[in-house]
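The values are calculated or read from the model by the stated rules, or taken from the named source; none is laboratory data. In this text, all values refer to a predicted model and were calculated from it rather than measured experimentally. Methodologically, a virtual Cβ is constructed for each residue, glycine included, from the backbone with ideal geometry; neighbour enumeration extends over all protein chains shown.
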Amino acid sequence: MDRKEEHIDFENIYLAYFSKMKYFAKIYILSDEEAENIVQDVFMDLWKRRDVLTMPVNLIAYLFTSVKNKCLNYLRHQTVHQEASVQIQKEHHLAMKASLNSLEIFDQNVFLEEDMTKVLEKALGSLSERCRRIFIMNKIEGKKQKEIAAELGISVNTVETQMGMAYKKLRNELKDYLPLFLFLFCL
């Protein structure tokens with residue numbers, strides 16, 4: 001079969017079966033546009049594998065099976081996408097609830113100077129001596145990590161590790177005072 005005959009055969013198959021395949025896909029996909037895209041993909045695959053046309057193959061069964069498999073792949077992908085979206089929404093909802101709970105229990109009196117001092121002293125007191133010293137040098141005295149490392153004779157990596165530990169511990173200690181923690185240490 002020469003290229004011209006191949007092209008004519010393919011065109012005839014396309015014209016004869018495209019609308020039937022699209023209708024079949026739309027039953028499961030529900031979107032006219034997506035059903036059309038799926039059937040277009042099936043015919044693109046058929047064109048790439050046009051040697052199938054020269055074999056003794058039940059063309060209708062081949063097309064229906066191809067469309068069915070593409071629809072299954074599409075629906076599986078949509079299901080995974082939808083489940084991921086639902087999970088993201090759940091996590092966002094939990095974060096919002098945590099923020100709401102934090103704000104509801106937040107005591108505005110904590111901003112009184114003596115109360116703030118007590119809360120911070122208690123939180124800083126929960127840190128190890130080394131960790132507390134490094135944190136105070138960085139956040140209260142405003143020293144850079146390199147300066148702290150040089151002054152204490154330790155590596156910058158140790159300073160970074162100690163700061164990470166301090167943040168983690170203080171975040172836990174100040175969880176009921178989240179706005180205060182954010183205001184003091186993250187801005």
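In the stretch 140-157, which residue that is surrounded by fewer than 16 Cβ atoms within 10 Å (Cβ to Cβ) and part of a helix (DSSP H, G or I) is modelled with the lowest pLDDT?
Ile140
So which of Tyr62, Tyr74, Tyr17 is of a type outside the set (D, E, K, R), out of contact with any Asp or Glu (no Cβ under 7 Å at 6 or more places or on another chain), surrounded by 13 or more Cβ atoms within 10 Å (Cβ to Cβ) and in contact (Cβ under 8 Å) with a residue 40 or more places away in the chain?
One residue alone meets the criteria, Tyr17.
Could you list, in sequence order, the residues of the stretch 21-34 that are touching a residue at least 24 places away in the same chain (Cβ under 8 Å) and within 13 Å of Ser66 (Cα to Cα)?
Restricting attention to the stretch 21-34, the residues satisfying the condition of being touching a residue at least 24 places away in the same chain (Cβ under 8 Å) are 21, 24-25, 28-29, 34.
Listed by number, the residues that qualify are Met21, Phe24, Ala25.
Of all residues in the stretch 20-79, which are in a loop (DSSP other than H, G, I, E, B) and either touching a Ser or Thr at 6+ places or on another chain (Cβ under 6 Å) or within 27 Å of Asp9 (Cβ to Cβ) (or both)?
Arg49, Met55, Pro56, Val57, Asn58
Just give me the residues in the stretch 20-59 being among the hydrophobic types (A, V, I, L, M, F, W, C) and surrounded by fewer than 16 Cβ atoms within 10 Å (Cβ to Cβ), in sequence order.
Those that are among the hydrophobic types (A, V, I, L, M, F, W, C) and surrounded by fewer than 16 Cβ atoms within 10 Å (Cβ to Cβ): Ile27, Leu30, Met44, Trp47, Val52, Met55, Val57, Leu59.
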